[in-house]
Amino acid sequence: KAQCNTELPQPLIHHPEGNGLNMLRRIWQKGMIALATSPKLKQAAQAGRATSQLSRRYVAGETADDGVRRARSLRDTHGIRSSLFYLGEYVDTHELVTENVEHKLAVARLLGETDLDVHVSGDPTQLGLGIDDALITANVLKIGEAIKAAARGRPGIHGLMLDMEDASVTDRTIAAHSLLVDRGLPAALTLQAYLRRTEADLRTLIHTPAKVRLVKGAFAAGEDISFTRQDEIKANSRKLIDLMFSPAARASGF
């Protein structure tokens, strides 16, 4: 059953951007993560009629089979390719990590029985990051190997897409991606336009070459490591998109 998704929207506050607003966003972010990781709140939200109706608009279903059926429908009806994600991050027990990994392995096996991309997304903190470095290493390798086996070398965009969370885990997320690539396993990486470091990270990945999903980023950080105004984030997004479609990127197979 789907867990709480903590990548929540920014607060709707309308006044000039600045240090005060960014601090408010960071407080909001910490509060929302604390609420989303509350077992009592999760149980109430999943049982509530209003939240269940809302989730059905945005979640493919409660099982791996539901997700695969929706992915096939999107592909056949609209030509849209999918990456399947079992919701729930910032977990802090081995039991929940094991549950998350088993769901990702199950969906990889199911996708392997179809002609769809074997493309599975995962947050490092739902795969063991924050509990044990050895655990996250073992789990990303296990999922990467399962995806490679399920894809059986057929054409498609296959791989474990590592999502990016708050800035404290950026280096370790990139390291997990590098580990998969070094082992010859199908992998992809999410980068966030709000972080100042992303241009340098992207320039390195272009020459790997790698598969990258670019997002603006749903987290808040200090001005020393991030762009804090929306116009800055949008401008950096455009700059990064230009890099992703640059002649160097095309030549490398990025």
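The values are calculated or read from the model by the stated rules, or taken from the named source; none is laboratory data. Please read these numbers as outputs of a predicted model, since none were measured by experiment. Every residue, glycine among them, receives a Cβ derived from its backbone with ideal geometry; neighbour counts consider all protein chains shown. Surface accessibility is based on the protein's heavy atoms, side chains included, excluding ligands, DNA and RNA. Shrake-Rupley method; radii C 1.70, N 1.55, O 1.52, S 1.80 Å.
Close amide-amide hydrogen proximity is noted between ARG213 and LEU189, THR190, LEU191, each under 5 Å apart and 5 or more residues distant or on a separate chain (H modeled in the peptide plane; Pro and chain starts excluded).
In the context of the full set of protein chains, residues of the range 94-207 present 39 Å² of accessible surface per residue (probe radius 1.4 Å, heavy atoms only). Relative protection proxy for 183-194, 85-96, 69-80, 116-127, from highest mean packing down: 116-127, 183-194, 85-96, 69-80 (other beta-carbon atoms within 10 angstrom). Find the centroid of the Cα atoms in the range 90-148 and in the range 198-254, then give the distance between the two in whole Å. Centre-to-centre distance over Cα atoms comes out at 25 Å.
Between ILE241 and ASP115, the FRET efficiency from the beta-carbon distance, with R0 = 30 Å, is close to 0.50.
Within the range 59-103, what residues put their amide N at less than 20 Å from the label point 7 Å along the Cα-to-Cβ vector of ASP132? Backbone N within reach: 89-103.
Computed from label points 7 Å out along Cα-Cβ, the spacing between HIS207 and ILE225 is 2.5 nm.
Once the chain from ARG81 to ALA175 is taken as fully extended at 0.36 nm per residue, the excess over their C-alpha distance is 31.2 nm.
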